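So the structure is just underneath, and the comments pick up after that.
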Amino acid sequence: MQSKAAEPSAKFKAQSSKLNIREYFSRKESKYSAKVIMKWLWRAWRGNQLQAVLNASLGLLSVVVSLAQVWAIQHAIDVASHTAEGSLYWAVAYMGLLILANFAISISSIWVRNILGIRAQNRMQQRMLDRILRSEWRGKERMHSGDVINRLEGDVGNVVSFLTETLPGALSTLAMFLGAFFYLFSMDKWLAVIIIVMLPLFLAVSKIYVNQMRHFTRQVRDSDSKVQSVLQETVQNRMLIKTLESDTMMVDRLENTQSELRQNVVKRTMFSVFSNLILNFGFALGYLVAFLWSALRMSAGTLTFGGMTAFLQLVNRIQGPARGLTKLVPAFVSVFTAAERLMELEEDPMEEQGEPIELEGPCGVQLEAVSYEYEPTDGKVIDNLSFDFYPGSCTAILGETGAGKTTLVRLILALLRPQSGEVSIYNEKMKKTLSPRMRCNFVYVPQGNTLMSGTIRENLRLGKLNATDEEMKEVLMQACAGFVFDLPKGLDTSCAESGGGLSEGQAQRIAIARALLRNRGIMLFDEATSALDPDTERQLLQNILQKRDKTVIFITHRPAVVDYCDQTLKIEKLA
């Protein structure tokens with residue numbers, strides 16, 4: 001098993017290791033234009049203005065202090081060498097004050113970056129998650145959950161860091177460049193002009209660099225998402241993998257995915273190293289020219305020793321920002337890639353928004369000639385279906401696996417919209433086409449274990465946030481879940497992920513209690529009693545149906561459930 005699984009990886013490595021210079025420098029098209037991405041980043045920046053302004057202000061203050069330090073060092077050296085008048089003690093004291101000011105700015109920057117930075121990242125994650133939860137659901141997820149989480153963590157952090165730290169830092173970098181240039185210009189016009197003339201060449205090279213680095217960075221980020229997806233899926237299904245004895249296969253699958261990531265990182269690194277080598281060679285040559293120029297002037301007596309020191313420091317302060325600009329280019333590339341990946345999360349249109357529309361009970365649901373298909377190539381799952389779940393009724397939906405029962409539930413819950421026909425909700429006073437704003441009329445207990453990590457109390461409060469202990473006790477007893485009060489911590493008993501620590505039957509009953517706590521007019525149960533023994537199931541059904549004040553819909557294969565229903569809807573699998 002190991003040798004076979006490893007073969008594709010080895011082949012992939014051999015193919016990927018071949019270097020193609022044309023591939024590195026060929027232009028790659030992006031999904032979104034730079035203009036569209038910039039507009040999206042501008043909207044994101046507007047929510048983080050405070051931190052960005054504070055960072056920019058501290059950066060500009062740092063530039064002022066840095067340039068003042070150049071003058072202070074020059075002045076102190078000139079005073080010490082008797083080429084300028086003044087007190088050496090005061091000159092050194094002034095240098096000390098500037099050093100303290102620099103410390104204060106540095107501490108303030110760390111505070112703003114760490115404290116406000118995490119808040120900004122949290123806000124953006126909340127906004128993105130809210131956008132995902134409120135968007136239309138197509139029935140088939142376009143992205144793996146591991147990929148989505150990777151984007152909400154890595155890409156959100158990248159965007160926030162760029163908008164609140166890198167971009168304000170670029171402002172101070174530009175200020176440092178201009179300040180050092182004009183200072184140098186006042187000392188030597190020709191050298192300052194020669195250095196500034198190099199900028200157009202840098203901009204031309206950076207455009208080629210940006211286009212190609214966006215492509216390589218996107219490959220790396222997508223590969224990283226694949227790795228996280230494999231890790232997450234493997235951990236979530238650890239018990240299944242162990243029982244199938246597929247440990248080695250899953251580790252090999254991870255290795256293949258990681259191999260793809262490594263090869264993409266190698267490509268990006270080689271391109272980056274080659275580009276930086278050329279730029280650094282230019283910086284080094286420029287510094288040597290500046291040193292020789294200043295040494296010749298000092299030898300000719302037109303520049304003091306302190307002047308030469310200041311001269312070289314200014315060249316460093318011009319080259320430093322220029323180097324910073326070379327680092328800013330990869331930052332732009334990275335944030336463009338991150339923004340593009342986050343924009344893809346927002347591609348699904350939003351559901352209808354607005355105040356919930358709750359109908360007075362009892363109310364029913366009516367389907368009139370409803371048809372639905374997920375993809376045209378897959379064919380229709382439901383075709384021309386009409387049925388009336390009349391108010392106060394109890395209906396069993398029957399059908400073989402794949403017949404469309406779950407799809408029908410999604411249509412009733414307004415998670416999907418029919419391609420033809422109409423799904424309506426009605427009572428004695430009105431009848432309306434079903435929409436997401438009417439989802440407040442429903443309670444849904446999905447198939448399987450749907451408890452979340454946390455206490456039983458926290459799980460129940462997903463049904464009703466302000467529920468009292470008495471209300472929780474009432475619904476737990478109604479759902480045949482009185483065992484909760486026999487647990488050492490009762491309602492405060494902790495559950496692991498997916499209700500870990502409880503049996504499937506216990507988890508199902510707590511999920512039903514949560515639904516009962518929500519207390520809405522229409523209740524949908526999707527195989528919600530599949531893990532219960534017959535006696536418990538019968539008692540639960542009696543408790544739920546005894547008042548006959550709800551419209552109840554069961555997706556079921558259990559004969560005991562059918563016996564309690566007023567009507568049945570049998571769905572046939574389409575050919």
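Brief remarks follow.
- Set of aspartates and glutamates with alpha-carbon distance to residue 473 below 14 Å, sequence-local pairs under 8 removed: 458, 486, 492
- Whole-angstrom gap from the stretch 497-550 to the stretch 32-77, using each part's C-alpha centre: 58 Å
- Efficiency of FRET from Cβ geometry, residue 374 and residue 247, R₀ 22 Å, rounded to 0.05: 0.05
- Listed by chain and number, the aspartates and glutamates whose alpha-carbon sits under 20 Å from that of residue 35, ignoring those within fewer than 8 places in the same chain, are 155, 340, 344, 346, 347.
- Fraction of the pair-distance distribution of the stretch 351-413 above 20 Å, Cα-Cα pairs, percent: 39 percent
- Computed lengthening from residue 106 to residue 548, 0.36 nm per intervening residue step minus Cα-Cα distance: 152.2 nm
- Highest average packing first - 462-470, 257-265, Cβ atoms within 10 Å: 257-265, 462-470
- Stretch gain in nm, segment residue 255-residue 300, where the contour uses 0.36 nm per residue and the Cα spacing is subtracted: 9.7 nm
- For residue 444, the residues 5 or more places off, or on other chains, whose built amide H falls under 5 Å of its own are 524.
- Karplus-derived HN-Hα couplings along the stretch 533-538 (A = 6.51, B = -1.76, C = 1.60, θ = phi - 60°), whole Hz, x at Gly and Pro: 6, x, 5, 5, 4, 4
- Among 338-345, 448-455, 559-566, the peptide with the highest mean count of other Cβ atoms within 10 Å heads the list, and the full ranking is 338-345, 448-455, 559-566.
- Rounded accessible area of residue 134 (nearest 10 Å², 1.4 Å probe): 100 Å²
- Too-long pairs where the Cα-Cα distance tops 31 Å, listed order kept, from 39/431; 429/570; 432/570; 242/573; 405/547: 39/431; 242/573
- The modelled label-to-label distance between residue 424 and residue 189, using points 7 Å beyond Cα along the C-beta direction, is 8.7 nm.
- Per-residue SASA remark: residue 136, around 40 Å² accessible (1.4 Å probe; ligands, DNA and RNA not included).
- Percent carbon-and-sulfur accessible area, the stretch 438-533, ignoring ligands, DNA and RNA, probe 1.4 Å: 49 percent
- Convex hull volume of the C-alpha atoms in the stretch 481-575, normalised per residue: 135 Å³.
- Full-stretch length increase - residue 390, residue 71 - with 0.36 nm per residue and alpha-carbon distance subtracted: 106.2 nm
- Peptides ranked, highest mean first, by Cβ atoms within 10 Å: ranges 358-365, 380-387, 519-526: 519-526, 358-365, 380-387
- Entry comment: accessible area of the stretch 327-368 is 42 Å² per residue, from protein heavy atoms only and a probe of 1.4 Å.
- If you plug the beta carbon distance of residue 494 and residue 42 into 1/(1 + (r/R0)^6) with R0 = 41 Å, you get a FRET efficiency near 0.40.
- The fraction of accessible area contributed by carbon and sulfur in the stretch 27-174 is 63 percent, rounded to a whole number (1.4 Å probe; ligands and nucleic acids excluded).
- Site pair residue 464 and residue 50 shows an inter-label distance of 3.7 nm when each label is modelled 7 Å from Cα along Cα→Cβ.
- The H on the amide N of residue 398, modeled in the peptide plane, is under 5 Å from the matching H of 569, 570, 571, each at least 5 residues off or on a different chain.
- With all protein chains kept in place, the per residue accessible area of the stretch 438-575 amounts to 48 square angstrom at a probe of 1.4 angstrom.
The values are calculated or read from the model by the stated rules, or taken from the named source; none is laboratory data. Worth saying up front: this structure is predicted, and the values here are computed from it rather than measured. Note: ideal-geometry Cβ built from the backbone for every residue, glycine included; neighbour counts use all protein chains shown. Ligands, DNA and RNA are stripped out before the accessible areas are found, and what is left, the full protein with its side chains, is counted by its heavy atoms. Shrake-Rupley method; radii C 1.70, N 1.55, O 1.52, S 1.80 Å.
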